[in-house]
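Below is one structure, written out as structure tokens; the observations come after it.
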Amino acid sequence: MHRNKAQAMTVLLTALAPASWGTTYVVTTRLLPPGHPLFAGLMRALPAGLLALVITRVLPRGEWWWKTVVLGILNIGAMPLLFVAAERLPGGVAATLGAAQPLLVAGLGLAVLHDRPTVWRLAWGVLGVLGVGLVVLGPQAGLDAVGVLAGLGHTTTMAGGVVLTKRWGRPAGVGPLALAGWQLAVGGLLLLPLTLAVEGVPQRIDAGAAGGYLWLGSMGGLIAYALWFRGIGRLPVSASAPLVLLSPLVATVIGIAQGESLSPPQTLGFALALTALVAAQLGPATRKNTTTKEKTFDDAAHDDRRARGHRDGRPPSGHRGETARTPGAGVVPETCE
């Protein structure tokens, strides 16, 4: 019972990340200066990343320097593509492209993590995408080619970032805030020269734009990514990926609050997407004789420690006479957060 409550809380906290990303579309179109997607990505990443470094005072070590660069490019560096899609795709089409991420994660997870998604979660993932499509796609939805490519590019890079974050985890003694800070800082530093060379700084940043950048960098940036990486570490990848459906659903709710209305097919799609999101978290009861099990980050860390013990000539964990493992070896345990 305690484990179920803890997992439910993890799901709720992780869901705050894609829920906050669902506000990106309205913030971009209503508050930010148009034509500056690189600058928007820069302001979302670099200040938040530097703040996290100041708070945590932890820097990458060893192989985690190049791993941070890779994750920073995938999770943060491609962020301007999201703003390009938000500017060029009306009617929430960009959100629909993002909703395809669970299916991409399922494919990459099978190839990289050897994590075979259950038929239950895969089916609900497909239905969730269809539901979002019913909500935001209609006869008046424009399909700008550049916007579509940008949206698909951002969705693909984020899917790759999710899978590699799950595979690599976190080094010992490093919490999700530090991991988020590393990637935000790296992504921001990569965007800085590109932004100055291509776009420059907007001529005018009013109070609304300043508030928009502050929101994207705080709740939509540092806080969201820290919660997201924490959730990826604790949940099976096929359970965390469907949570991105919240992003287009939140964007839809914001539209309704601003006076938009849903047609019967859109209402059906909204209900279908919301049902798919919840059903993917619940899932059917797992049979005891099931040979394939979804691994959480703790499972992967335990297997990694056992493998290291074999390579070093030490008995595997759980055998009599085993030597004591060095505290903090391998990946940071959840109690260290």
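What follows draws every value from the coordinates through simple rules; no lab data is involved. Because the structure is predicted, anything quoted here is derived from the model rather than measured. No Cβ is skipped: glycine too gets one built from the backbone with ideal geometry, and neighbour counts run over all protein chains shown.
Assorted remarks:
- Cα gyration tensor category, rounded, prolate or oblate, for segment 1-84 with a/c compared to 1.5: oblate
- Computed from backbone phi, the HN-Hα couplings of segment 68-85 come to 5, 4, 4, 5, x, 5, 5, 7, 10, x, 8, 4, x, 4, 5, 6, 4, 5 Hz, rounded to whole numbers (Karplus: 6.51 cos²θ - 1.76 cosθ + 1.60, θ = phi - 60°; Gly and Pro given as x).
- A Förster radius of 35 Å combined with the Cβ-Cβ distance from D206 to V70 puts the calculated FRET efficiency at roughly 0.45.
- Cut-off under 5 Å, modelled amide H: who pairs with V174 long-range: V332
- Cα gyration tensor shape of segment 105-262, rounded if a/c is under 1.5, else prolate or oblate by comparing a/b with b/c: oblate
- In sequence order, segment 8-18 has phi-based couplings of 4, 5, 4, 4, 5, 5, 5, 5, 4, 5, x Hz under the Karplus curve 6.51 cos²θ - 1.76 cosθ + 1.60, θ = phi - 60°, and Gly or Pro positions carry x.
- Gain on full extension, evaluated as 0.36 nm per residue between S261 and L282 minus their Cα-Cα distance, stands at 4.5 nm.
- Distance in nm between pseudo-label sites at R30 and L12 (7 Å out along the Cβ direction from Cα): 2.6 nm
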